[in-house]
Amino acid sequence: MLRTHQAGILRAGDIGTTVTLTGWVDRRRDHGGVAFLDLRDSSGIVQVVVRDEEVAHPLRSEFVLQVTGEISARPEGNANPNLGTGEIEVIANEVLVLNESAPLPFQVSTAIDAQVTVGEEVRLAHRYLDLRRPGPASAIRLRSQVNRAARTVLDEAGFVEIETPTLTRSTPEGARDFVVPARLAPGSWYALPQSPQLFKQLLMVAGMERYYQIARCYRDEDFRADRQPEFTQLDVEMSFVDQDDVIALAEQILISLWKLIGYEITAPIPRMTYADAMRRYGTDKPDLRFGLELVELTDYFADTPFRVFQAPYVGAVVMPGGGSQPRRQFDAWQEWAKQRGAKGLAYVTVAEDGELGGPVAKNLSEAERAGLVEAVGAQPGDCVFFAAGKQSESRALLGAARLEIGRRQELIDESAWSFVWVVDAPLFKPTGEDDDVAVGGGAWTAVHHAFTSPTPEWIDTFESDPGSALAYAYDIVCNGNEIGGGSIRIHRKDVQQRVFEVMGIGQEEAEEKFGFLLEAFSYGAPPHGGIAFGWDRIVALLSRADSIRDVIAFPKSGGGYDPLTGAPAPISPQQRKEAGVDAKPEPKGEAQAPAPAQ
RNA sequence: GGCCCCGUAGCUCAGUUGGUUAGAGCGCCGCCCUGUCACGGCGGAGGCCGCCGGUUCAAGUCCGGUCGGGGUCGCCA
């Protein structure tokens, strides 16, 4: 080793020791006759005193040094309480420049971090400099701990870590695939997996019984703060289990993860049905850090004279203290609602004397006005927002309004952790956006994915009422974020075929797309199920990061662009030719992709 | 694909009703400085105001388009 100690761990107890340190010049304070260097390595910072002006003068920020010297107590009154090493300093008797540094695109030293935030674009373009800073670095280090903690739980529970292919076959449904040309089969393409879903099920057929993988997944979709084209899941699958077994294991994992940041999750984590979540919070991922539940008023307004409320669903959410908002603020709420595709957001204010105000109030009947405050649970000074129309759309709007109210009124305890399992989701949803599609129209698609089993109660009867059939699936939600989800899978070929039928996937199509899986299932597939955790999102939550970009070593920016490498980039004509990108598939007939190996 | 916000020095930003030579802090370069820790002092360099077009006597500023970034809705089984 080029060093004997790490800089950041030196303490008063080390006084008198001669050490050799290596690291970067964080800052330099040159007084002519004496110079102070803040030497930084991964453990922290220590002050180095250089008395030789010739040595100290040419040093610059981020030069890489090897310093040998004696640990010494700082002179009386010169301690720095902001540094762990603030009691001591290293009196250098040898300073070797291991490498120089060009002037920096941004300041790496975080001494002034509180005042200046560097833009994300430039940080990502020089991510290797960004990661020298303790804040960004700590997120990446936490991620390593998170991986280790999960592996420990799973290893102790007898799981086998198995890698699955990243060059695989494009499967229908779901997100857009990233595709890779196959040089040896021009015109044919691999797809990068959206998740290891099919492989992990095959591993259950293979008798591995307990599988996990920290798996990279790829989806060619548009961006969000919490979405990257490549992202990571902790992927888990188990044989001979039911829902409670998977949930119990998942809770063990979550407990060990949150323990890393000193939070104790109390198990069992509460469960809520999907129907309840939608009814009370207007979303399948409710943020339970605050109350403010939606109030269903369809019956209350059953005979209303107000046309807008003559709708299949009427609901409301209360904004505490919202009654005193100025008119333009309410106009802003209308705009907010319109941006989410709603016609508007009706509201009623409740004055301190209980009098109702706002443009909607006068449209209500006497009786409706009289009972409204009690019906919605409002207080004087509040306002009540209403949504009326289709149930799903109205609830979604109210659910979004609830979150917005929570944020604006600071009802959310940002230090809280609130976990909930959302269970009993529907198995199917109507295809297309219109949820009024008549049952029996035949157009159903899987809510989760095509291999999710119906719950035991529905397994024999789901065809009779696909819209009501429940899936044997579960999502784990933390502070309004879905951080994982899974299901018990279908392991019987006949059930699988019936599910395909409801979804309108014919036998031929099923054979072509999932033939290898269906065949595997014909050889004694064990009952199995599993879960996948959104690893980036979990680490982002644990590190209190705003974006998953903060917990990915080299994230992409908008448009899938990597500001560091410049990927994606054009390829040469030679590469195009070799890769077979431009190969024209032969017309139909035998040109079909070869059947999976039998 | 729709909508919103942002593009001015290496970084973070200011820039008046359109009006002389576009500023500040930090950083950078040079000199000075023996107890600093966001050290300090003196001096200096550094700008296609994202790009293209328009309006105007005159555009960083107004208008249209475009590119890039961020957010959001659609989308993401």
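Name the one entry in A:LEU198, A:LEU184, A:LEU154 that is away from RNA strand B (no atom under 13 Å from the Cβ) and assigned to a helix (DSSP H, G or I). Explain how you work it out, then say what you get.
Details: A:LEU198 fails: away from RNA strand B (no atom under 13 Å from the Cβ); A:LEU184 fails: assigned to a helix (DSSP H, G or I).
None of the others qualify; the one that does is A:LEU154.
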Residue hits (the range A:405-435; open to solvent by less than 30 Å² (accessible area, probe 1.4 Å) and among the small types (Gly, Ala, Ser)) are A:GLY406, A:ALA416, A:SER418, A:ALA425
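Which members of the range A:132-152 meet the condition of being over 21 Å from the mean Cα position of the chain (by Cα) and surrounded by 13 or more Cβ atoms within 10 Å (Cβ to Cβ)?
If we filter the range A:132-152 for residues that are over 21 Å from the mean Cα position of the chain (by Cα), which is where we start, we get A:132-134, A:152.
Listed by number, the residues that qualify are A:ARG132, A:ARG133, A:PRO134.
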If you go through A:PHE240, A:PHE301, A:PHE223, A:PHE290, the only one that is touching a residue at least 60 places away in the same chain (Cβ under 8 Å) and within 16 Å of RNA strand B (Cβ to nearest atom) is A:PHE223
Given the condition within 17 Å of A:HIS449 (Cβ to Cβ), in a loop (DSSP other than H, G, I, E, B) and in contact (Cβ under 8 Å) with a residue 12 or more places away in the chain, answer yes or no: does some residue in the range A:202-215 qualify? no
A:VAL314 passes all but one of the listed conditions (1) assigned to a loop (DSSP other than H, G, I, E, B); (2) of a type in the set (A, V, I, L, M, F, W, C); (3) in contact with a Ser or Thr (Cβ under 6 Å, 6 or more places away or on another chain); the exception is number (1)
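Condition check ((1) among the acidic types (Asp, Glu); (2) free of Cβ contacts under 8 Å to residues at least 12 places away in the same chain) across all residues:
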{"residue": "A:ARG141", "(1), (2)": "no, yes"}
{"residue": "A:VAL146", "(1), (2)": "no, no"}
{"residue": "A:GLU156", "(1), (2)": "yes, yes"}
{"residue": "A:ALA182", "(1), (2)": "no, no"}
{"residue": "A:PRO186", "(1), (2)": "no, no"}
{"residue": "A:LEU192", "(1), (2)": "no, no"}
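Among the listed residues A:GLU54, A:GLU62, A:GLU94, A:GLU121, which satisfies the condition of being within 15 Å of RNA strand B (Cβ to nearest atom) and modelled with pLDDT of 95 or more? Show your work before the answer.
Numbers: A:GLU54 fails: modelled with pLDDT of 95 or more; A:GLU94 fails: within 15 Å of RNA strand B (Cβ to nearest atom); A:GLU121 fails: modelled with pLDDT of 95 or more.
Every option except A:GLU62 fails the conditions.
Given the criterion of a type in the set (S, T, N, Q), under 29 Å from the mean Cα position of the chain (by Cα) and open to solvent by 20 Å² or more (accessible area, probe 1.4 Å), identify the matching residue among A:SER522, A:SER557, A:SER547. Before you say what the answer is, go through the steps one by one.
On the way: A:SER522 fails: under 29 Å from the mean Cα position of the chain (by Cα); A:SER547 fails: open to solvent by 20 Å² or more (accessible area, probe 1.4 Å).
Within the list A:SER522, A:SER557, A:SER547, the selection yields A:SER557.
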Among residues of the range A:76-91 being surrounded by 15 or more Cβ atoms within 10 Å (Cβ to Cβ) and among the charged types (D, E, K, R), the residue nearest to RNA strand B (Cβ to nearest atom) is A:GLU89
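If only one of A:ILE261, A:ILE247 is more than 26 Å from A:VAL179 (Cβ to Cβ), open to solvent by less than 60 Å² (accessible area, probe 1.4 Å) and modelled with pLDDT of 95 or more, which one is it?
Values: A:ILE261 fails: open to solvent by less than 60 Å² (accessible area, probe 1.4 Å).
Within the list A:ILE261, A:ILE247, the selection yields A:ILE247.
Condition test on A:GLU54, is it over 22 Å from A:SER109 (Cβ atoms) and outside any loop (DSSP other than H, G, I, E, B)?
Numbers: over 22 Å from A:SER109 (Cβ atoms): yes; outside any loop (DSSP other than H, G, I, E, B): yes.
Considered against the rule, which asks whether it is over 22 Å from A:SER109 (Cβ atoms) and outside any loop (DSSP other than H, G, I, E, B), A:GLU54 comes out as yes.
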Only unsatisfied item for A:CYS217, checking (1) within 10 Å of RNA strand B (Cβ to nearest atom); (2) buried (at least 22 other Cβ atoms within 10 Å of the Cβ); (3) over 17 Å from the mean Cα position of the chain (by Cα), is (3)
Given the conditions (1) among the charged types (D, E, K, R); (2) more than 30 Å from A:ALA473 (Cβ to Cβ); (3) touching a strand residue (DSSP E or B) at 6+ places or on another chain (Cβ under 6 Å); (4) open to solvent by less than 30 Å² (accessible area, probe 1.4 Å), every one holds for A:ARG402 apart from (2)
**Message:** Just checking, does the range A:18-37 include any residue being loosely packed, with under 15 Cβ neighbours inside 10 Å, away from RNA strand B (no atom under 16 Å from the Cβ) and modelled with pLDDT of 95 or more?
**Reply:** yes
Among the residues of the range A:319-367, the number that are closer than 18 Å to A:VAL295 by Cβ, part of a helix (DSSP H, G or I) and either among the aliphatic types (A, V, I, L, M) or over 30 Å from the mean Cα position of the chain (by Cα) (or both) is 5
Among the residues of the range A:442-459, the number that are under 18 Å from A:VAL422 (Cα atoms) and within 15 Å of RNA strand B (Cβ to nearest atom) is 7
Residues of the range A:304-329 being out of contact with any helix residue (DSSP H, G or I) (no Cβ under 9 Å at 6 or more places or on another chain), of a type outside the set (S, T, N, Q) and either touching a residue at least 24 places away in the same chain (Cβ under 8 Å) or under 23 Å from A:GLU366 (Cα atoms) (or both), in sequence order, are A:GLY321, A:GLY323
Inside the range A:183-196, the number of residues satisfying the requirement of being crowded, with 16+ Cβ neighbours inside 10 Å and among the hydrophobic types (A, V, I, L, M, F, W, C) is 3
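If I ask for residues that are out of contact with any Ser or Thr (no Cβ under 9 Å at 6 or more places or on another chain) and surrounded by fewer than 16 Cβ atoms within 10 Å (Cβ to Cβ), which ones from the range A:56-75 would you list?
Taking the range A:56-75 and keeping what is out of contact with any Ser or Thr (no Cβ under 9 Å at 6 or more places or on another chain), we get A:56-59, A:72-75.
Selection gives A:HIS57, A:PRO58, A:SER72, A:ALA73, A:PRO75.
Can you name the residue in the range A:275-296 that is open to solvent by less than 20 Å² (accessible area, probe 1.4 Å) and part of a loop (DSSP other than H, G, I, E, B) and, of all such residues, is nearest to A:LEU372 (Cα to Cα)?
If we filter the range A:275-296 for residues that are open to solvent by less than 20 Å² (accessible area, probe 1.4 Å), which is where we start, we get A:277, A:281-282, A:286-287, A:290, A:294.
Among the residues that remain, those that are also part of a loop (DSSP other than H, G, I, E, B) are: A:282, A:286-287, A:290, A:294.
Values: A:GLY282: 21, A:PRO286: 25, A:ASP287: 26, A:PHE290: 22, A:LEU294: 14 Å.
Among residues in the range A:275-296 that are open to solvent by less than 20 Å² (accessible area, probe 1.4 Å) and part of a loop (DSSP other than H, G, I, E, B), the one nearest to A:LEU372 (Cα to Cα) is A:LEU294.
The values are calculated or read from the model by the stated rules, or taken from the named source; none is laboratory data. Note that this is a predicted model, so its numbers are computed, not measured. Cβ atoms come from the backbone with ideal geometry, glycine included; neighbour counts cover every protein chain shown. All accessible areas refer to the heavy atoms of the entire protein, side chains included, with ligands and DNA or RNA removed. Shrake-Rupley method; radii C 1.70, N 1.55, O 1.52, S 1.80 Å.
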